[in-house]
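Below: the structure, in structure tokens.
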Amino acid sequence: MEPDEAPQSREEMKKCQILEPGLYVVATPIGNLSDMTFRAVEVLRVADIIACEDTRVTGKLLAHFAIKARTVSYHDHNESEKCPELIEALQEGKRVALVSDAGTPLISDPGYRLVREAAAQGLKVFPVPGVSSVMAALSASGLPTDRFFFAGFLPAKAGARAKAIEDLRGIAATLVLFESVHRLPESLAALAAGLGEREAVIAREITKLHEEFRRGSLKELAAHYDSAGEPKGEVVIVIAPPLEEALNIDADALLHEVLKTMSVKDAAAHVAKETGLSRNDLYSRALKAVKEEK
């Protein structure tokens, strides 16, 4: 029997009828449609409105599961216009489902303003969890998972990107980032220069036919994609945390030592390289140390 011919059981229909009004933040597959949860299908079937980034993309998902519902476009460029309309629908007792083109909404996708406003208005917000490329990449990376930091996309411009990477240096956790395939080689080179010889994993096309997990140091991965050319698909970068011995270095003691022979700027740069800590933070600490000695 085809999906659009499958009748609902009485139990399913009963669940649908008692689904509470509110905003449902619904995770959808990032590639493999079999990753759609039963609850997500149920919520989308009975939602009064489905707010989605691209109605054409979500339309294909809904067609696959024989879901007929009203969809509205909700993305970065019309958020200020659509948010009040969706809040009004929620205040009228409607069930509004929020989805992104793929994965869990709000993870580098629009929706923050809507969820925040709904909560501020005392309206109920329900998470409908499911696939997340962040968690999928992390779980299969083979890198430490007890503590991780999601950094989203790096800035496109070289200067801002270098600054963002510098801010990530001293974070004692596995780093997870998104990156466009168009910028992957240059971003990996920048990460190798800014973070040093750390292990990393490129997770590409997760759950899709050409899924790939490529492992190596940041330098090795940068060289690979520089020579192999731009890959296809969606990319998640997972980077190992700084070495424990680097984190255990007494940065202030090291600063005091090198300040005997170096300028504040050079001392901060040297200790940043030794410890993986933020150069800006170390510069401020070095300035303070110099003032205290005067």
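The values are calculated or read from the model by the stated rules, or taken from the named source; none is laboratory data. Fair warning: this is a prediction, and the values are worked out from it, not measured in the lab. All Cβ positions, even for glycine, are placed from backbone atoms using ideal geometry, and neighbour counts span all protein chains on display.
Looking only at residues that are assigned to a strand (DSSP E or B) and not basic (Lys, Arg) in region 180-205, which one is surrounded by the most Cβ atoms within 10 Å (Cβ to Cβ)?
Within region 180-205, the subset assigned to a strand (DSSP E or B) is 199-204.
Among the residues that remain, those that are also not basic (Lys, Arg) are: 199-203.
Working: Glu199: 19, Ala200: 26, Val201: 23, Ile202: 22, Ala203: 24.
Residue satisfying both the conditions and the ranking: Ala200.
Output yes when any residue across region 60-68 is of a type in the set (Phe, Trp, Tyr), touching a helix residue (DSSP H, G or I) at 6+ places or on another chain (Cβ under 8 Å), at pLDDT 90 or above and closer than 16 Å to Leu98 by Cβ, and no when none is.
no
Restricting attention to region 216-229, does a residue exist that is in contact with a helix residue (DSSP H, G or I) (Cβ under 7 Å, 6 or more places away or on another chain) and under 23 Å from Asn32 (Cα atoms)?
No, region 216-229 contains no residue that is in contact with a helix residue (DSSP H, G or I) (Cβ under 7 Å, 6 or more places away or on another chain) and under 23 Å from Asn32 (Cα atoms).
Quick check: is even one residue across region 117-124 under 21 Å from Leu218 (Cβ atoms) and either touching a residue at least 24 places away in the same chain (Cβ under 8 Å) or among the hydroxyl-bearing types (Ser, Thr, Tyr) (or both)?
no
Could you check region 157-171 and list, in sequence order, the residues that are of a type in the set (Val, Ile, Thr) and farther than 13 Å from Leu191 by Cα?
Ile171
Which of the residues belonging to region 271-281 are more than 28 Å from the chain's Cα centre (by Cα) and either buried (at least 19 other Cβ atoms within 10 Å of the Cβ) or at pLDDT 85 or above (or both)?
Within region 271-281, Val271 is the sole residue that qualifies.
Taking the residues in region 20-63 that are in a helix (DSSP H, G or I), of a type in the set (Gly, Ala, Ser) and without any contact (Cβ under 8 Å) to a residue 60 or more places away in the chain as candidates, determine which candidate is nearest to His75 (Cα to Cα).
Selected residue: Gly59.
Which residue is farthest from the chain's Cα centre (by Cα), if the candidates are limited to region 34-68 and must be of a type in the set (Ser, Thr, Tyr) and surrounded by 14 or more Cβ atoms within 10 Å (Cβ to Cβ)?
Thr55
Looking at Val201, Val176 in this structure, which one is closer than 25 Å to Val26 by Cα, modelled with pLDDT of 95 or more, of a type in the set (Val, Ile, Thr) and not assigned by TED's automatic domain parsing to the domain that holds Leu106?
Result: Val176 is the single residue among Val201, Val176 that is closer than 25 Å to Val26 by Cα, modelled with pLDDT of 95 or more, of a type in the set (Val, Ile, Thr) and not assigned by TED's automatic domain parsing to the domain that holds Leu106.
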